[in-house]
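Peer 1: I have a structure here, written as structure tokens, and I will follow up with some questions on it.
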Amino acid sequence: MKVFLCCLFLIVNILGTQAQYTPASPSPYTMSWQVDAPIGGLSLGLGLTYILLDRKTKPLTEESIMLLDRNKVWGIDRGATKNWSPTMAKVSDGLMFGSMALPGLLYIDPKVRKDYWKVGVIWAETFALTAALTSLTKVLVKRPRPYTYNPNAPMHKKLERDAQYSFFSGHTSVTASMCFMTAKVFTDYNPGHKATPWVWASAAVVPAVTAYLRYGAGKHFVTDVLIGYLIGAGVGILVPELHKIRIR
């Protein structure tokens, strides 16, 4: 959440300089308080609500964990209750953190560098909104993670507050939002570019791999990663697209 709040701070400060900056060439994006204020306000509101609810959330007890029955889990999700792999979890961490920096590659393009502050705002808004939506949903749903059903997983992990934040997958949603935002921005600045299909294919594959790793690690159910993928991809495409719409 510290990264999330830093992104909101970045949005406000960069927008405050927009009147002093005029791009040297036409841009596919326009910044407007009518767009950016609602996105920032919504992200902040959802994020603060999550923080308040998270502090009131109590960890699972050993008694409640022992009562969990994998046979009551949906059929599509039941296989995840047998998974536990700290190694796969660590690899998924690397993919998520790497994806958070991925939009920085857009600045290789001179056209994007001229619009550095606009892309920076879109980048920050995409991450902040995805993180806020994901975090609040987790604390509202309180779905025990698959490994809480697995006797091979250590009890101390099951007793952590995070053990009941399975729905939906934050690693998948964040990775998808960053990858799809990068592909969307690249396409908007380079319409018809021959690399576009490869950019979108990569944007689709990386979060899918992340989702598989989270499933294999026992961190998430199939439905967790599917919803996380869809939410993240949706935000990653929607936020840049909103900045192409001029509100009069």
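Here, each number is a calculation from the coordinates, and none is a lab measurement. Since the structure is predicted, the reported quantities are computational estimates derived from the model, not experimental observations. No Cβ is skipped: glycine too gets one built from the backbone with ideal geometry, and neighbour counts run over all protein chains shown.
Peer 1: Cross-link partners among lysines for residue 114, C-alpha distance below 20 Å, same-chain residues fewer than 8 apart left out?
Peer 2: Partners found: 184, 244.
Peer 1: Moving on. Identify the chymotrypsin sites (Phe, Trp or Tyr not before Pro) of region 60-114 meeting these criteria: DSSP loop state and at most 10 other C-beta atoms within 10 Å of the C-beta. Spell out each step's value before the answer.
Peer 2: Details: sites: 74, 84, 97, 107; in loops: 74, 84.
Listed in order of number, the matching sites are 74.
Peer 1: Taking 8 Å as the Cα distance limit and 6 or more residues as the minimum spacing, I'd like the relative contact order of the chain as a percentage. Display every interim value, and only then the final one.
Peer 2: Working: 384 pairs, mean separation 76.5, N = 248.
Here the relative contact order equals 31 percent.
Peer 1: Still on this structure, please answer the following. Hey, got the Cα dimensions of the chain along the principal axes, in Å, largest first?
Peer 2: 63, 40, 26
Peer 1: If packing is taken as the average number of other Cβ atoms within 10 Å across a peptide's residues, how do 51-59, 147-155 rank, most packed first? Display every interim value, and only then the final one.
Peer 2: Numbers: 51-59: 11.8, 147-155: 16.6.
Packing order, densest peptide first, comes out as 147-155, 51-59.
Peer 1: Another question about this same structure. Take the alpha carbon gyration tensor of region 193-248, find the square roots of its eigenvalues, order them as a ≥ b ≥ c, and report rounded if a/c is under 1.5; if not, report prolate when a/b exceeds b/c, else oblate.
Peer 2: Working: a/c = 4.99, a/b = 1.64, b/c = 3.05.
It comes out oblate by the Cα gyration axes.
Peer 1: Calculate, axis by axis, the spread of Cα positions in region 64-104 along the three principal axes, and write the results as whole Å, longest axis first.
Peer 2: 45, 19, 17
Peer 1: What ³J(HN,Hα) values, in whole Hz, does the Karplus curve 6.51 cos²θ - 1.76 cosθ + 1.60 give for region 64-70 when θ = phi - 60°, with x put for Gly and Pro?
Peer 2: Calculated HN-Hα couplings, in order: 5, 5, 5, 8, 5, 10, 5 Hz.
Peer 1: Which of the pairs 56/157; 56/90; 58/142; 118/138 have their Cα atoms more than 22 Å apart in this structure? Provide the component values of the computation, followed by the final result.
Peer 2: On the way: 56/157 19 Å; 56/90 28 Å; 58/142 10 Å; 118/138 30 Å.
Pairs exceeding 22 Å: 56/90; 118/138.
Peer 1: Given the peptides 223-232, 189-198, arrange them by the average over their residues of other C-beta atoms within 10 Å, most packed first. Don't jump to the answer; show the numbers that get you there.
Peer 2: Numbers: 223-232: 22.9, 189-198: 11.4.
Those peptides, ordered most packed to least, come out 223-232, 189-198.
Peer 1: Let me ask something additional. Taking R0 as 45 Å, what FRET efficiency do you get between residue 244 and residue 56 from their Cβ-Cβ distance, rounded to the nearest 0.05? Display every interim value, and only then the final one.
Peer 2: Working: r = 40 Å, r/R0 = 0.89.
With R0 = 45 Å, the Cβ-Cβ based efficiency is 0.65.
Peer 1: Could you tell me how far the Cα centroid of region 207-248 sits from the Cα centroid of region 49-98, in Å?
Peer 2: If you average the Cα positions of each part, the centres end up 18 Å apart.
Peer 1: Next question. Can you tell me how region 82-131 classifies by the Cα gyration tensor, rounded, prolate or oblate, using a/c under 1.5 as the rounded cut? Please report the intermediate quantities before stating the final value.
Peer 2: On the way: a/c = 6.03, a/b = 2.38, b/c = 2.53.
Oblate, since a/c reaches 1.5 and b/c is not below a/b.
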